[in-house]
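Data block below; observations after.
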Amino acid sequence: MTTELLRDTVVLSQRCLRHVLRSPDTIITTAVTPIAMLLLFVYVFGGAIEVGGGDYVDYLLPGILLITVASGVSYTAFRLFTDVSGGLFERFQSMPIARSAVLWGHVLTSLVANLVSVALVVLVAVAMGFRSGAGVLAWLAVLGLVVLFTLALTWLAVIPGLTARSVDGVSGFSYPLIFLPFISSAFVPTEGMPAPVEWFAEHQPVTSIVDTIRNLFAAQPVGATGWVALAWCVGLLVVAHTLAMATYRRRTT
Amino acid sequence: MTTTPAIEITGLTKSYGDHVVLAGVDLTVPVGAVVALLGSNGAGKTTVVRILATLLRADGGTAAVHGHDVASRPQEVRESISLTGQFAAVDEVLTGRENLVLVATLRHLPDPRGIAEDLLARFALTEAAGRRVATYSGGMRRRLDIAMSLIGDPPVLFLDEPTTGLDPQSRIEVWRTVRELADGGTTVLLTTQYLDEAEQLADRIAILHGGRIIADGTLDELERLLPPATVEYVEKRPTLEEIFLAIVGDRPDRPDRPDRPSQTDRPDRAGGAR
């Protein structure tokens, strides 16, 4: 059963990746908005934002990476929705294959596509002067966090992909995700915010993840925040996966 | 024959909230038969097919395909069936060939490419094989859809309204395909709301109405349910379909079943030769 799941997942991931390759604009579009934000905040607002020393682009990049993923997963929801509404999903479900491979194919494709978009954004940031003193281990830790965060949001995206009734409903779910980094330490330090907003910013997942990635890039110790970030990512992943699988099972009864 | 029927449904029920869709459906389909499930829109034809294809769980009753219970042995059921749904379930981004290779690979068959080429030739899609399916016409999509369903030679085929939304020529092509399959021994359960389609294709016709099968038999048996026919002479007018096909002049062959007079030869039923 496990080897079958693996084999079918590989086949179906190849199919989804072919979709991405045939419309590379989805990767570009995913990267364009975050890159535009990067330019806007660094070259327009950045001069007026005080982040306590260092280049603003270094401060900003971690949050922009999370926004990239948040906007990228809406394409995953869209591709899954297309399969469901077009009947391909049911065709696969009525075939003698490992059934959940259909979902895993979309999830792995989402991971690959989002990592490519993230890499594009990092390259632009480097061109804009982003520099990191991080060693190999720190880079791997950043990669690990981004992967976990992407998987968590992807499983979240599976839910509207399975249940949405229209294309608009599919893309709508990602707006709050894209907005969340704005109320965090991603753009400005939280200290300047009014108390209730600061409290929210300090206790939502984005702040701890952004702070951890920022410290990893700066080759600074991550401390307890690193564990909080990891806990958020794993926790979100578990919850999103559970909800997505429950939604998936409800569809077939 | 004493073999296990291809499909055996007993007392099948399904409701959505207060809305009863199936109120106890009984149906047996012998191996190799072509059975049409006839009913108006919303009669529950698709619900029956979805339950048989393990996509939906019934509330009560049992359904078995090739002796495997759909609820407890779904994987075995999926081994022996293929579903062609109401809308062509094809991948529009892939080419026709890639669609076929994908299904053959998922079914773990040797030489997926060879299988794809065979089916492309059989369904007259070789020329379009390298094009993305998004550029295909409705009839081509349906042909590809059915070709995908045939990969792995499943002994039981479900066709859910296979010709809804097709132009007359494509419809005739689909009919011809179904007849070929039936001749090859495949069991076919097809749902339709077109009476002539059931008449053309099916060995047996089951009428689903009010959540139950209210009639089940061969066309002759069903005809006997009506008062005996009186002989009347009526002027036979060509159907619009015949006129259309004659004018466009692109009429595919219509090999009708030898055991039954072809539709064009018989008096216009709707005209009331009763």
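Six or more apart or on different chains, Cβ under 6 Å: which pairs go from a residue in segment A:103-132 that's at positive phi to one that's assigned to a helix (DSSP H, G or I)? Could you list them?
A:Gly129/A:Val57
Output yes when any residue across segment B:114-137 is closer than 19 Å to A:Thr82 by Cβ, surrounded by 18 or more Cβ atoms within 10 Å (Cβ to Cβ) and more than 13 Å from every other protein chain (Cβ to nearest Cβ), and no when none is.
Among the residues of segment B:114-137, at least one is closer than 19 Å to A:Thr82 by Cβ, surrounded by 18 or more Cβ atoms within 10 Å (Cβ to Cβ) and more than 13 Å from every other protein chain (Cβ to nearest Cβ), which makes the answer yes.
With the requirement that a residue be more than 8 Å from chain A (Cβ to nearest Cβ) and in contact (Cβ under 8 Å) with a residue 12 or more places away in the chain, what does segment B:68-86 give you? Don't jump to the end; show me each part of the working.
From segment B:68-86, those more than 8 Å from chain A (Cβ to nearest Cβ) are B:68-74, B:76-77, B:80, B:84; that's our starting set.
Answer for segment B:68-86, where residues must be more than 8 Å from chain A (Cβ to nearest Cβ) and in contact (Cβ under 8 Å) with a residue 12 or more places away in the chain: B:His68, B:Val70, B:Ala71, B:Pro74, B:Val77, B:Ser80, B:Thr84.
Conditions (1) surrounded by 15 or more Cβ atoms within 10 Å (Cβ to Cβ); (2) under 19 Å from B:Leu106 (Cβ atoms); (3) at pLDDT 90 or above; (4) not hydrophobic (A, V, I, L, M, F, W, C), marked per residue:
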{"position": "A:Glu4", "(1), (2), (3), (4)": "no, yes, no, yes"}
{"position": "A:Arg7", "(1), (2), (3), (4)": "yes, yes, yes, yes"}
{"position": "A:Leu17", "(1), (2), (3), (4)": "yes, yes, yes, no"}
{"position": "A:Asp25", "(1), (2), (3), (4)": "no, no, no, yes"}
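What do you reckon, is A:Val167 open to solvent by 30 Å² or more (accessible area, probe 1.4 Å), hydrophobic (A, V, I, L, M, F, W, C) and within 25 Å of B:Gln86 (Cβ to Cβ)?
Values: open to solvent by 30 Å² or more (accessible area, probe 1.4 Å): yes; hydrophobic (A, V, I, L, M, F, W, C): yes; within 25 Å of B:Gln86 (Cβ to Cβ): yes.
Considered against the rule, which asks whether it is open to solvent by 30 Å² or more (accessible area, probe 1.4 Å), hydrophobic (A, V, I, L, M, F, W, C) and within 25 Å of B:Gln86 (Cβ to Cβ), A:Val167 comes out as yes.
Any residue that is at pLDDT below 90 and of a type in the set (Gly, Ala, Ser) - is there at least one of those in segment B:97-118?
Among the residues of segment B:97-118, not one is at pLDDT below 90 and of a type in the set (Gly, Ala, Ser), which makes the answer no.
Being open to solvent by 10 Å² or more (accessible area, probe 1.4 Å), among the aliphatic types (A, V, I, L, M) and either over 15 Å from A:Val188 (Cβ atoms) or touching a Pro at 6+ places or on another chain (Cβ under 7 Å) (or both) is the filter here, so list the residues in segment A:48-76 that pass it.
Step one: list which residues in segment A:48-76 are open to solvent by 10 Å² or more (accessible area, probe 1.4 Å), which gives A:48-56, A:58-59, A:71, A:74-75.
With the extra rule that they be among the aliphatic types (A, V, I, L, M), the set shrinks to A:48-49, A:51.
Of everything in segment A:48-76, just one residue is open to solvent by 10 Å² or more (accessible area, probe 1.4 Å), among the aliphatic types (A, V, I, L, M) and either over 15 Å from A:Val188 (Cβ atoms) or touching a Pro at 6+ places or on another chain (Cβ under 7 Å) (or both), namely A:Val51.
With (1) crowded, with 21+ Cβ neighbours inside 10 Å; (2) over 20 Å from the mean Cα position of the chain (by Cα) as the list, and B:Glu76 as the residue in question, which single condition is left unmet?
Failed condition: (1).
Return a yes/no flag: does segment B:87-103 have any residue that is within 8 Å of chain A (Cβ to nearest Cβ), open to solvent by 60 Å² or more (accessible area, probe 1.4 Å), in contact (Cβ under 8 Å) with a residue 40 or more places away in the chain and among the charged types (D, E, K, R).
Yes, that holds for at least one residue.
Kindly establish whether B:Pro155 is closer than 29 Å to B:Gly130 by Cβ and assigned by TED's automatic domain parsing to the domain that holds B:Asp118. First the steps, then the outcome.
Values: closer than 29 Å to B:Gly130 by Cβ: no; assigned by TED's automatic domain parsing to the domain that holds B:Asp118: yes.
Here the answer is no, as B:Pro155 does not meet what is asked.
Based on this model, can you work out whether B:Asp145 counts as at positive phi, within 14 Å of another protein chain (Cβ to nearest Cβ) and modelled with pLDDT under 95?
Considered against the rule, which asks whether it is at positive phi, within 14 Å of another protein chain (Cβ to nearest Cβ) and modelled with pLDDT under 95, B:Asp145 comes out as no.
Taking A:Leu151, is it open to solvent by less than 40 Å² (accessible area, probe 1.4 Å) and among the aliphatic types (A, V, I, L, M)?
Values: open to solvent by less than 40 Å² (accessible area, probe 1.4 Å): yes; among the aliphatic types (A, V, I, L, M): yes.
Spelling it out, A:Leu151 is indeed open to solvent by less than 40 Å² (accessible area, probe 1.4 Å) and among the aliphatic types (A, V, I, L, M).
The values are calculated or read from the model by the stated rules, or taken from the named source; none is laboratory data. Predicted model, so just to flag it, every value in this text is computed and none were measured. Here the Cβ is made from the backbone with ideal geometry for all residues, glycine too, and neighbour counts use every protein chain on show. Note: areas computed on protein heavy atoms with side chains; ligands, DNA, RNA excluded. Shrake-Rupley method; radii C 1.70, N 1.55, O 1.52, S 1.80 Å.
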